[in-house]
1. Within a 10 angstrom radius of the beta carbon, how do Glu208, Glu213 rank from fewest other beta carbons to most?
2. Output ³J(HN,Hα) for the stretch 62-68: one whole-Hz value per residue in order, computed from phi by the Karplus curve 6.51 cos²θ - 1.76 cosθ + 1.60 with θ = phi - 60°, and x for Gly and Pro.
3. Can you compute the charge dipole magnitude of the chain about its Cα centre, using +1 on each Lys and Arg Cβ and -1 on each Asp and Glu Cβ, nothing else charged? Give it in debye, rounded to the nearest 20.
4. Take Phe183 and Arg74, extend 7 Å from each Cα along the Cα→Cβ direction, and tell me the distance between the two endpoints in nm.
5. Would you look at the GNM of the chain, springs on alpha carbons closer than 10 Å, and say which of Ala238, Ala101, Ala160 moves the most?
6. Give me Rg over Rh for the chain, both radii from the alpha carbons and Rh done the Kirkwood way, two decimal places.
7. For the stretch 83-108 and the stretch 227-289, what is the centre-to-centre distance using only Cα atoms, to the nearest Å?
8. Taking neighbour counts of Cβ atoms within 10 Å as a proxy for exposure, in what order, fewest first, do Leu50, Leu200 appear?
Amino acid sequence: MQQVELIVALLAVIGVVGVISERSRIALPILLVFAGMLISLIPQIPPVRLEPSTVFFIFLPPLLYVDAFNTPWRTLKSVAEFITLQAIGLVLVTVVAVAAAIHAVVPDMPWAAAFVFGAIVSPTDAVSASAISKEVKLPKRLLDVIKGESLVNDSTGLIAYQFAVAAMVTGAFSWQLAGSQFFIVGLGGIALGLLCGWILSHIRTKIENRPVEIIFSLLSPFIPYLAAENLHVSGILAVVTAGLFLGWKAPKMVSSQTRLQANANWEIIAYILNGFSFLLMGLQLHPIL
């Protein structure tokens, strides 16, 4: 019961902070992190501990799916070159640069451990990029690049992280094997996302019951993510690809009324999940500091 009360209280905090953000014009994510830090100072508030896998499953798939679903194909094509360079090239270069810097400062640290740290800090946070970009006025083209890049770079960082951890555990690393596995995991996630998107689009086309259609809409991020995780390919790329595919098919897939209702539901869900994610960041900062 205590956990339920805490969730309700945090939801109320998100609402209050949202009003303050609108009145003060301070970015909502910043206020939520600050609010989380203040709440963590209250002795009566129990420590909030979540497994990383739980956080990934609850927050990442739906938030990435919403952004991908609402990203027009034409916009994505216009900045595809920049997205590829930043989401793959720049992330990998940053991983190597951070690893080299850490190894230079701490020569006794194994290269594999340095690469693990580099892979952790290199990708920009997709949730933060999406949330803050809505609060700050930026040129449209720059905003398109940031949004598109944030959809993909987490996958690059996670794949690099997996290889670095494997090298640290086994004590062996092969650039050739890592390169081939990188493309297998990435392309496998994209292929699986297309397959899941195609299957879901056909299922949703046949549904005439609006509540059932909304249920399948809510399941759409989790089906490709779970399938990808079980097949050991990129769950993030699977979700993003499925979201892009379903967003492209949406006008032919469901009626305009159902689409409006689903979009309204997703807008609320994304707002709440974003709110909880930044509050949880703030709640974790006090014990760390």
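Bear in mind these aren't lab numbers, they're just calculated from the coordinates by the rules spelled out. Computed from a predicted structure; not experimentally measured. Ideal geometry is used to build each Cβ from the backbone, glycine not excepted, and the neighbour counts take in all protein chains shown.
1. Result, fewest neighbours first: Glu208, Glu213.
2. Once rounded to whole Hz, the list reads x, 5, 5, 4, 4, 5, 5.
3. It works out to roughly 860 debye.
4. 3.4
5. Ala101
6. 0.98
7. 28
8. Leu50, Leu200
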